[in-house]
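J.: Before anything else, here's the structure in question.
Every number in this text was worked out from the coordinates using simple rules, so none of it is lab data. All figures in this text were calculated on a predicted structure; none of them were measured in a lab. Positions of Cβ are generated from backbone atoms using ideal geometry, with glycine treated the same way; all protein chains shown enter the neighbour counts.
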Amino acid sequence: MTDQIKINVNGSEISSKPDQLIIEACEDSGIHIPRFCWHKRMDPVGMCRMCLVEVETPRGKALVPSCTTKVSEDLVVDTESDVVKKAQEGVLEFLLINHPLDCPVCDKAGECPLQDQTMAYGPGESRFVEDKRHFEKPIPISEIILLDRERCILCARCTRFSDEISGDPLIEFIQRGNKTQVNTFPDEPFRSYFSGNTVQICPVGALTSSSYRFKARPWDLKKVSSTSNCSSVGDSVELNVSQNKMLRILGEDNEFTNQGWLSDKGRYNFEYLHSDKRIETPILVKNSNKELTINETMELISNQILTSENPNISFIVGHNSTNEEYYALNKFAENLNKVENENKVSTTNFYLSDDYLYNGFFNDDYSLGEIKDLDSADTIILWAQDIKDNLPTLYLRIKQAVRNGKKLLIFGHTNTAIKELSEEYYGENIVTNNFEFNVDLSDIPNLSKYIDGKDVLAIVGKASPLQNVNPIFQLVKHLDQNSNLKILNCFSKGNTLGALQNLDIVKGLNEFVTEFDSSKKNIVFTVGSNPVNNSIYSHKIKEALIDSDFVVSLDLFKNETTELSDIILPTTTFGEKEGTFTNLEMRTLMQNKILPTPGSALNEWEYWLILSNKMNLLESYGTEAELNSMLCKDYIDNGNIPSFDNLNKPSNLDGILNSKTINIEVKNVDSTNLEILFVHRLYGDSSSQINSPSISMLGSERFIEMNSATYFGSYMLNSDVVTLIQENNSIQVNVNINENLPDNLLVIPINRRGFQDLNPEKKVELEVAKSREQLSVT
Amino acid sequence: MSWEKALIDKAKEIIDMYPQKRSALGPLLYLAQEKDGYISNDSIVEISNLIGITEVQVKSVASFYSMYKEEQTGKYLLSVCKSISCEINDSRSVIDSVKNFTGLENYETDTEKVFTFEEVECIGACGGAPAVQVNYETVEGLTPEKSLQMCEWLKEERPEIIVAEELQEKFGGVKSFDWAIKDNTGSSYSVPGFQNIGTAKEKS
Amino acid sequence: MKETLLLTKHMREFPEDSHQIEIYEKNNGYSALKKVLKEDNPENVINEIKDSNIRGRGGAGFPTGVKWGFLAENEDRYLVINGDESEPGTFKDRILLERDPHQLIEGVIITCFASNIKKAFIYIRGEYAKPARRVQDAVEQAYEKGYLGNNILGTNFSLDVVVHLGAGAYICGEETALLNSLEGKRGEPRLKPPYFPAVMGLYNKPTLVNNVETISSVPWIIQNSGKEYSKLGVEGSTGTRIFSLSGHVNNPGNFEIEMGQSFGEFIDTFGKGIKNNKNVKAYIPGGASAPWFTGDQLDIKMTIDDVANAGSMLGSGAVVVMDEDTNLVYAAKSIVSFFAHESCGQCTPCREGTTWLEMILERIASGRGRLSDISLLIDICDNISPGLDWPPKMTTICPLGPSAVSPITSLLNNFSEEITNMLPTKIPITQ
Ligand SMILES: Cc1cc2nc3c(=O)[nH]c(=O)nc-3n(C[C@H](O)[C@H](O)[C@H](O)COP(=O)(O)O)c2cc1C
Ligand code: SF4
Ligand code: FES
């Protein structure tokens, strides 16, 4: 619908999209109507009444809320009449009679619409001589959010957000009339993955985050747009920095990706940047953690490579590097193969530290979709990791699409958190606990109704590290034959796609483990990854690293992996470096630098450059920008140029879609009789989260999930504590009952501390405390 | 205290009457109130599970309506009307007399949990002003003296079931209209006596 | 002047058991339904209602036939009977529920038949425990006799009725708030547009919402034809209405009369005059929301239009008479605090405005008024109901907020000295 209609506002004609709300149409033409409750991403409620305007009706002029009234051809609107002004001043006065005058100590001061509008329209002095409404001053409503009910103006933004957008209505209006207040249930805190959004959209300082409270004034903040690497959605964010410290991350409204929303992990996972545990100088671990200079370290490493006999060089890479860094690493590896001496490097290999890697659908047989296809597809098919945990903001988009009438079909039993959104949930009757189809695809009930001849967007990815992926290929093939199919490949972590795009051939951790040959000379680089934790292969990787000859870790913190390294090189991260990022739809987005580099840390690419130089391998770049233009030149074939120049503009949120095919070489893991499902949960024990005090405790509880009804015949309770026993290793964990899980399935969040020593291929015994039965599973 | 099976069965029966589960929320809150004399947090948890909404959503609805109580009520909920017709017919002195006898302020309950006193808005008995409800059974045409006698009687007799006709006969005066039909059903706690939610009781 | 008994005839004739189905049946009860089912022409039923020109008895006075005509097509449609009667002064639905529930149920069945509705709800305010019991009993009797349930009286028509109790919230009388309440939500009015019940009502399906008295009139209209009904009363206010009379009269009660007679006559004839032979200082013609008339305005005719033209509304048909000794500041305060207490709290002007008005009146009544309070009261009222006109304009979502303005403007327009007398320094009001 591109037709425009004409309306008349304050005597001049403006054009508007049909069906738009008056407030939006005016906004688009630069006419600002004051408002508190209206938010463009949520249903209007018309509650605050600040946006009243006058419109002409057959029965004369009428006052209507512009946030709930749609435009119509030739509508005559007055946003400035005396009646309008009077009504707005009236509303403002009403809001202020119960609002505390604590701007000097309020976090919102300086960016508070109520404060701004009081300046602009407000009454000079109060006519209210009565007592204001009183509530207990800020009360914590979760580990990270505080609520000050006295400041609340009851705009229902937070309650609507949690109900409509995030779908976990844990904050609500209590009481009625003048006693109305917003609150949570006493025993059920505001424990939502998305709670921080309510702080951002609260028009006053009623909701605040513990991490930002009293930290800064808006006018002291330095701001820059960037892209979050919390997940591969590539959420647009605004980084707020004061005195070289990151204080806050806000969501930016990017139509293509996050539409302004962030998960709490994406929002609060930044305090680690300034942790005093950051590594700031190179460390020689095997020499009682001696600190070295960069030069000494580079000398050591290049000597190792040059003097080793036919070394195998492995790079275990993480997902927090920029495209430019992966590109530089790739160049470095290419060059290593050209080392001219008698001890030629025998192989170089890239392994991505990601248990969910599989070959995906990056070839010309299928067309790749975009996130915004969610808004136009008829049917959404989901076969992926628990989307709410792994791609939280994509989950919000899916939820919104379902709200708008799109049909969601879910395969497998991992997406239990969003089961209620689905039109069809093809659980254990269709897909076994082992992820095999139980039925012929053409016999799946109702499937053809939703796909035949329809526009279908399939969101696919491995549901669990150990999943056999053949059924995914089967399903996609079936969909492709029957519908207009587009595919979103779900590799959930950070810049995974950037790694895949820029490294020649990428393999998974499973390949590292199987290819590892301890009889050879092994040099391993871990690049921003901690494979000794968080992976189902952790225990084997640990053994391999112990058996390696030389291990170099590029990282921010000491962790399980660096303990086994010879050398740790301090690097930079999000906010400290500039570069591009490729999200799951292969959209290239910009990450910007706003913080200085800590200590003597260097960007990853700088290490590769120095090492090359040390080994007399010539590289032709010297800056990130030069790297970027080299990278762009390689992309030119595809006509897509994700250059700094065309990305690094403040308004350019849409990025550039790239269609470079990528090479992944991952073998299918075949796990028979899978009754333990390994998954990743949003919060875990990554170094960044552990070192961000505001959210560190969110990932600390260790639990397993299962349904209550039967676990091999035993009735489980939420309060149960069980012990997992494997050989000489035993772990005590809490049980979280999840009734949406099929019987006899144990879900283990592998990214929580304490599970890394489990060997997924060996038997685990499960002992129920309170001397209940002894259970045993494989 | 979580709900017993009989209560849960009753709740499920009520839920089945409606096209959508959530519509049963109001009636289920009455069940909770009849059980404890108020809406306890345990009942909120129970109801939220039965209906499939969050606890705070249940709380949000419960706290909106004045008949769902947040604190335990006494055996007899005395609701004295103060709206316009009663106001101009001197409901003030009826209120004072009830307050005097019970020693309670608005929304208070005595320590023995016999009485809860509240001033309420119009109860649809304007013709028989001033009017009072005891456990939602209406008495019309009260005087300060009669209301005092009524409180005394309640305290002495402790009737299990409150029936409007009985109260009216003993303590009432002018009525809104001729009640005509004799009734012997009423309520035994601070909930309206209503068949469908099983709170109506018959006095033999 | 005398009563015309349509709705209250049966209960008058059989005072002891008008609520029993056998008695109702014996006296022509359910014969309108039988007639309708026999004729099997839903269209005709709607036409009879249109012919009757009956206007809704819930307060807004919208023509019922027209409303039925608006109901959007859909597989699922609902009828919701508004028995939330909570407007101070009103107790007319109570008598219909308590003493003649079958008349209502018969009206419900006919209405559903006319509009092809298969599920109806009777929403009764929670405080009406006894009336609700009577209706529930009657519904069960009707099921037993085959008037409700599957294949009513052997026809293809089926209907289920659920009696639902409110829980103490006046605002649930507002039809969209009522629907929210029936959906198990907070009783907050919805936005109109888009939530017009006839299009997006209960569970977002087309829904008819009608008052108890409105639907109780349906059997008579069907029995006697819409044309006969329209001959009663006067043009624009046809038929009879049950007026609830209360306040300082000798004989309060519900009286069913044809519209068109004067308030003075009504109060004299049925109220048997004012207690202790006093004079009327002011009276409320249509429930607490309606602006007051003075003792000098007793000859206004009791019709929807006459009352509206005189600057008030016939509303819920509740006449509250205040004698010469009434303290009108207290009276106004009582009404304002009613609305403050009953505001749902969604919209700012109503939530904050009504409470602020209440606080100021409270202060004045306790002798702590200020000279500036009068203009402040007026300005707050103006911010809730711009222009203080009748019918009121509003800055609010629903008319509850502006209702709290009525008593204050009534007081200030006609009895300003009562309030100035309470101020520490008396001043005349110049507006
Ligand atoms: C604040 C408010 C309170 C209302 N209370 C009632 C009520 O108690 N009973 C009622 O029947 N209508 C009440 N109404 C009117 C209803 O919204 C609606 O117009 C009526 O139920 C329609 O039925 P009718 O057309 O048969 O009159 C109220 C309206 C408002 C704005
Ligand atoms: S006017 Fe009052 S009652 Fe009506 S919606 Fe607004 S707050 Fe609620
Ligand atoms: S912005 Fe329109 S009413 Fe609040």
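J.: Would you grab the residues whose amide H sits under 5 Å from the one on residue A:459? Only those 5+ places off in sequence or on another chain, please, with H modelled 1.01 Å from N.
T.: A:381, A:382, A:383, A:488
J.: On C-alpha positions alone, give me the angle between the axis of helix A:323-336 and the longest principal axis of chain A, in degrees, nearest 10.
T.: Between the helix axis and the principal axis of chain A, the angle is about 10 degrees.
J.: Same structure again: Looking only at other chains, what is the average number of their beta-carbon atoms within 10 angstrom of each beta-carbon in C:334-342? If you can, show how the numbers build up before the last one.
T.: Working: counts 10, 3, 0, 4, 6, 2, 2, 10, 5.
Taking all residues of C:334-342 together, the mean is 5.
J.: Under the Kirkwood approximation applied to all pairs of distinct alpha-carbon atoms, what is the hydrodynamic radius of region A:226-374 in Å?
T.: Its Kirkwood hydrodynamic radius stands at 19.5 Å.
J.: If the cut-off is 17 Å between C-alpha atoms, which aspartates and glutamates fall inside it for residue B:203, apart from same-chain ones fewer than 8 positions away?
T.: B:137, B:157, B:160, B:165, B:166, B:169, B:183, C:137
J.: May I pose another question? Give the long-range amide H neighbours of residue A:524: residues separated by 5 or more places, or on another chain, with amide H under 5 Å away, using H modelled in the peptide plane at 1.01 Å from N.
T.: Sorted by chain and number, the residues that satisfy this are A:314, A:550, A:551, A:552.
J.: Kindly give Rg over Rh for region C:24-107, based on alpha-carbon atoms, with the Kirkwood expression for the hydrodynamic radius.
T.: 0.98
J.: Sticking with this one: Would you work out the charge dipole size for region A:245-326 about its Cα centre, treating the Cβ of every Lys and Arg as +1 and the Cβ of every Asp and Glu as -1, and quote it to the nearest 20 debye? Walk me through the intermediate numbers first.
T.: On the way: 8 positive and 13 negative charges, 73 e Å.
I would put it at about 360 debye.
J.: Enumerate the lysines that residue A:614 could reach by cross-link, defined here as Cα to Cα under 25 Å, with residues fewer than 8 away along the same chain left out.
T.: A:286, A:290, A:331, A:338, A:344, A:520, A:521, A:577
J.: Once fully extended, how much extra length lies between residue A:134 and residue A:296, figured as 0.36 nm per residue of separation less the alpha-carbon to alpha-carbon distance? Before the final figure, lay out the partial values.
T.: On the way: separation 162, 0.36 × 162 = 58.32 nm, distance 6.41 nm.
In short, 51.9 nm is gained.
J.: In whole angstrom, note down how far apart the Cα centers of region A:225-304 and region A:102-149 are.
T.: Cα centroid of region A:225-304 versus Cα centroid of region A:102-149: 34 Å apart.
J.: Please name which of C:216, C:105, C:30 has its Cα lying farthest along the dipole of chain C towards the positive end, using unit charges on Cβ (Lys, Arg +1; Asp, Glu -1) and the Cα centre as origin.
T.: Value: C:105.
J.: Roughly how crowded by other chains is peptide A:46-55, in terms of the mean Cβ count from those chains within 10 Å of each of its Cβ atoms?
T.: Partner Cβ neighbours, averaged per residue: 4.
J.: Checking a compactness column here: for the protein assembly as shown, what do you get for Rg(Cα) / (2.2 N^0.38 Å), N being the number of residues? Write out the running numbers ahead of the final one.
T.: Values: Rg = 36.6 Å, N = 1413, 2.2 N^0.38 = 34.6 Å.
Relative to the 2.2 N^0.38 Å estimate, the protein assembly as shown comes out at 1.06.
J.: How about region C:241-307: which trypsin sites (Lys or Arg not before Pro) there are in a DSSP loop, with at most 16 other Cβ atoms within 10 Å of their Cβ?
T.: Loop-located and lightly packed - C:272, C:278.
J.: Of the options A:311, B:3, C:311, report the single residue whose Cα projects farthest towards the positive end of the charge dipole of the protein assembly as shown (beta-carbon charges: Lys, Arg +1; Asp, Glu -1).
T.: C:311
J.: Let me ask something additional. Do the alpha carbons of any pairs in A:372/A:399; C:92/C:281; A:449/C:118; B:35/B:75; C:92/C:227 sit beyond 18 Å of each other, and which pairs? Don't skip to the answer; put the middle values down first.
T.: On the way: A:372/A:399 13 Å; C:92/C:281 24 Å; A:449/C:118 29 Å; B:35/B:75 12 Å; C:92/C:227 25 Å.
Over 18 Å Cα-Cα: C:92/C:281; A:449/C:118; C:92/C:227.
J.: Still on this structure, I have one more. Can you figure out the FRET efficiency of residue A:613 with residue A:543, using R₀ = 45 Å and their beta-carbon distance, to the nearest 0.05?
T.: Values: r = 34 Å, r/R0 = 0.76.
E(calc), rounded to 0.05, equals 0.85.
J.: Taking the mean number of other Cβ atoms within 10 Å as a proxy for protection, how do you rank C:248-255, C:363-370 from highest to lowest?
T.: With the highest mean Cβ count within 10 Å placed first, the list reads C:248-255, C:363-370.
J.: Right, next: Apply the Karplus curve 6.51 cos²θ - 1.76 cosθ + 1.60, θ = phi - 60°, to the phi angles in region A:284-295 and return the couplings in whole Hz, x for Gly and Pro.
T.: Once θ is set to phi - 60°, the couplings for region A:284-295 become 9, 5, 6, 10, 6, 6, 5, 8, 10, 8, 4, 4 Hz.
J.: What's the Kirkwood radius of region A:437-569 in Å, using all Cα pairs? Provide the component values of the computation, followed by the final result.
T.: Details: mean 1/r = 0.0559 Å⁻¹.
Hydrodynamic radius (Kirkwood, Cα only) of region A:437-569 equals 17.9 Å.
J.: Ranking A:606, B:160 by Cβ neighbours within 10 Å, fewest first, what do you get?
T.: Fewest to most other Cβ atoms nearby, the residues stand as B:160, A:606.
J.: In whole angstrom, note down how far apart the Cα centers of region A:489-505 and region C:78-95 are.
T.: 65 Å
J.: Loop-only check: which chymotrypsin sites (Phe, Trp or Tyr not before Pro) in region B:75-112 are DSSP coil with at most 15 other Cβ within 10 angstrom?
T.: B:107
J.: Amide H neighbours of residue C:127 under 5 Å, at least 5 residues apart or on other chains, H built in the peptide plane: list them.
T.: Placed amide hydrogens put C:168 under 5 Å from residue C:127.
J.: Let me ask another. Determine the dipole magnitude for region A:676-768: charges of +1 sit on the beta-carbon of Lys and Arg, -1 on that of Asp and Glu, nothing else is charged, the reference point is the Cα centre, and the result goes in debye to the nearest 20.
T.: Roughly 240 debye, rounded to the nearest 20.
J.: What is the fewest-to-most order of C:81, A:444 by other Cβ atoms lying within 10 Å of their Cβ?
T.: A:444, C:81
J.: Rule-of-thumb check for chain B: C-alpha Rg over 2.2 N^0.38 Å?
T.: Working it through for chain B, the quotient is 1.05.
J.: D for region A:542-650, whole µm²/s, Stokes-Einstein with Kirkwood Rh over alpha-carbon pairs at 4 °C and 1.567 mPa s: what number?
T.: Stokes-Einstein gives a translational diffusion coefficient of 80 µm²/s.
J.: Follow-up question, since we're still on this one. Among C:321, B:191, which comes first, second and so on when ranked by fewest other beta-carbon atoms within 10 Å?
T.: Values: C:321 27, B:191 30.
Starting with the residue having the fewest Cβ neighbours, the order is C:321, B:191.
J.: Taking each residue in B:15-24, count the Cβ atoms of any other chain within 10 Å of its Cβ, then average. What number comes out? Present the calculation step by step, with values, prior to reporting the outcome.
T.: On the way: counts 0, 0, 5, 8, 10, 5, 1, 5, 10, 2.
Partner Cβ neighbours, averaged per residue: 5.
J.: Taking the Cα centre of chain C as origin, sum charge times position over the Cβ atoms of Lys and Arg (+1) and Asp and Glu (-1), and report the length of that vector in debye to the nearest 20.
T.: So the dipole magnitude of chain C works out to roughly 320 debye.
J.: Note the angle between two axes, namely the Cα long axis of helix A:470-482 and the longest principal axis of the Cα atoms of chain A, as a number of degrees from 0 to 90, rounded to the nearest 10.
T.: On a 0 to 90 degree scale, this one is about 50.
J.: Still on this structure, please answer the following. Between residue B:145 and residue A:438, what is the label-point separation in nm under the 7 Å Cα-to-beta-carbon projection?
T.: Label at residue A:438, label at residue B:145, 7.9 nm between them.
J.: Calculate the length of the line joining the C-alpha centroid of region C:1-74 to that of region A:542-596, in whole Å.
T.: 79 Å
J.: Now, a different point. Whole-Hz ³J(HN,Hα) for each residue in region A:750-762, computed from phi via Karplus 6.51 cos²θ - 1.76 cosθ + 1.60 with θ = phi - 60°, x for glycine and proline: what do you get?
T.: Once θ is set to phi - 60°, the couplings for region A:750-762 become 6, 8, 9, 3, x, 8, 5, 8, 6, 9, x, 8, 10 Hz.
J.: Of A:759, C:261, B:114, which is farthest towards the positive pole of the protein assembly as shown's charge dipole, taken about the Cα centre with +1 and -1 on the beta-carbons of Lys, Arg and Asp, Glu respectively?
T.: C:261
J.: For chain A, state the average projected area of the convex hull of the C-alpha atoms over all orientations, rounded to one decimal in nm².
T.: 36.6 nm²
J.: Residue-wise, which Karplus ³J(HN,Hα) couplings in Hz belong to region B:92-97, taking 6.51 cos²θ - 1.76 cosθ + 1.60, θ = phi - 60°, and x for glycine or proline?
T.: Couplings: 3, 6, 5, 4, 4, 5 Hz.
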